[in-house]
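Trainee: Before I ask anything, here is the structure I am working with.
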Amino acid sequence: MLKLKTIAPLACVSLGCLFGLPAQASCVTEAMTAIPYFDMTKGELVMPLIELSATPSGEAQFLATRLQYQSASNPAHFAITQPLTNPNDDCEYISIPVANFDMSLWQLSIPTVALISGGDEVAFYSAKFQLQDGGLTLLPDSLIPTEGRYSGVVYNQATQQPLKNANVSLDGVEAAQPTNSAGHFTITGIGNSVCQTLTISSEGFAPMVKEVDIRYGGLKACETMVRGNRS
């Protein structure tokens, strides 16, 4: 898991937004807190974690990959540019919606993909793709606006153990539940601003309030220019 900045003398947070990092995560748990994203400035679709269903063995498997938008050949086609990799599955499984590839239909369903345009906002969509021509083709009318989400894991820095019952919010939107026994939280219905205020509090710990760039992991601080007059 990622080791990130201090929340308080005894707590730290690991955020799984892997924007800007390799698609392959160090473990399944880490990748599950990341959502797929499409960088419109580069034409790159990054898939931190894909769950395979309807496999020959009947067991779920996990992969990660990157794809490149191929506008010259097909306006909705993405070619695979990074070979499918298998994240280490020794980590605890976090049951949150992740991209799913149905091997019986050869279809990829993405519950949430973030569209990054290089501006000060991020748009969130759900999408479906069909495997064909050595890549993935977006199915007609399958790109639908959806709620954004932000996930992570809160740790006790002293013990390196997940911190349970911590309250987390992003720009005032609270996680539906405090962190669970694995320290995991998910906030749904977040705003579209690139720069948002992350707040984490837990009994016995000093609260953390930090402006974060939701496109990146590592508690990346916001650039002043992103929020204009906000410092």
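The values are calculated or read from the model by the stated rules, or taken from the named source; none is laboratory data. As the structure is a computational prediction, the values presented were derived from the model and not from experiment. Glycine also receives a Cβ, built like all others from the backbone with ideal geometry; neighbour counts cover every protein chain displayed.
Trainee: Return yes when Ala206 is modelled with pLDDT under 90 and more than 19 Å from the chain's Cα centre (by Cα) and no when it is not.
Mentor: Details: modelled with pLDDT under 90: yes; more than 19 Å from the chain's Cα centre (by Cα): yes.
Yes; evaluated as a whole, the condition is true for this residue.
Trainee: Let me confirm something: among Tyr155, Tyr125, which residue is among the hydroxyl-bearing types (Ser, Thr, Tyr) and modelled with pLDDT under 90?
Mentor: Values: Tyr125 fails: modelled with pLDDT under 90.
Answer to the check: Tyr155.
Trainee: Related question: Right, Leu131: within 27 Å of Leu108 (Cβ to Cβ) and in contact with a strand residue (DSSP E or B) (Cβ under 6 Å, 6 or more places away or on another chain) or not? Write out each step before concluding.
Mentor: Details: within 27 Å of Leu108 (Cβ to Cβ): yes; in contact with a strand residue (DSSP E or B) (Cβ under 6 Å, 6 or more places away or on another chain): no.
For Leu131, the condition - within 27 Å of Leu108 (Cβ to Cβ) and in contact with a strand residue (DSSP E or B) (Cβ under 6 Å, 6 or more places away or on another chain) - is not met.
Trainee: Does Thr179 satisfy being more than 20 Å from the chain's Cα centre (by Cα) and either farther than 22 Å from Val98 by Cβ or at pLDDT 80 or above (or both)?
Mentor: Values: more than 20 Å from the chain's Cα centre (by Cα): no; either farther than 22 Å from Val98 by Cβ or at pLDDT 80 or above (or both): yes.
Answer is no for this residue.
Trainee: Scan Pro48, Pro22, Pro56 and give me the residue that is in a loop (DSSP other than H, G, I, E, B), at pLDDT 80 or above and not assigned by TED's automatic domain parsing to the domain that holds Gly204.
Mentor: Details: Pro48 fails: in a loop (DSSP other than H, G, I, E, B); Pro22 fails: at pLDDT 80 or above.
Just a single option satisfies the conditions, and that option is Pro56.
A quick yes/no check of all residues on (1) out of contact with any Lys or Arg (no Cβ under 8 Å at 6 or more places or on another chain); (2) among the charged types (D, E, K, R); (3) surrounded by fewer than 17 Cβ atoms within 10 Å (Cβ to Cβ):
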site	(1), (2), (3)
Ile110	no, no, no
Asp120	no, yes, yes
Ala123	yes, no, yes
Val153	yes, no, no
Ala158	yes, no, yes
Pro162	yes, no, no
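Trainee: Residues of segment 175-207 being farther than 22 Å from Gln157 by Cα and either touching a residue at least 60 places away in the same chain (Cβ under 8 Å) or charged (D, E, K, R) (or both), which ones? First the steps, then the outcome.
Mentor: Kept after step one, since they are farther than 22 Å from Gln157 by Cα, are these residues of segment 175-207: 176, 187-196.
Within segment 175-207, Asn192, Ser193, Val194, Cys195 meet the criteria.
Trainee: Any idea which of (1) without any contact (Cβ under 8 Å) to a residue 24 or more places away in the chain; (2) among the hydrophobic types (A, V, I, L, M, F, W, C); (3) surrounded by fewer than 17 Cβ atoms within 10 Å (Cβ to Cβ) is the one Ala127 doesn't satisfy?
Mentor: (3)
Trainee: Considering only residues that are in contact (Cβ under 8 Å) with a residue 40 or more places away in the chain, aliphatic (A, V, I, L, M) and part of a strand (DSSP E or B), which ones fall in segment 149-174?
Mentor: The answer is Val153, Val154, Leu170.
Trainee: For a quick check of your reading of the model, give me the residue pairs whose first member lies in segment 69-83 and is part of a loop (DSSP other than H, G, I, E, B), whose second is at pLDDT 70 or above, with beta-carbon atoms closer than 6 Å and at least 6 apart or on different chains.
Mentor: Gln70/His77; Gln70/Ala79; Ala76/Thr137; Ala76/Leu138
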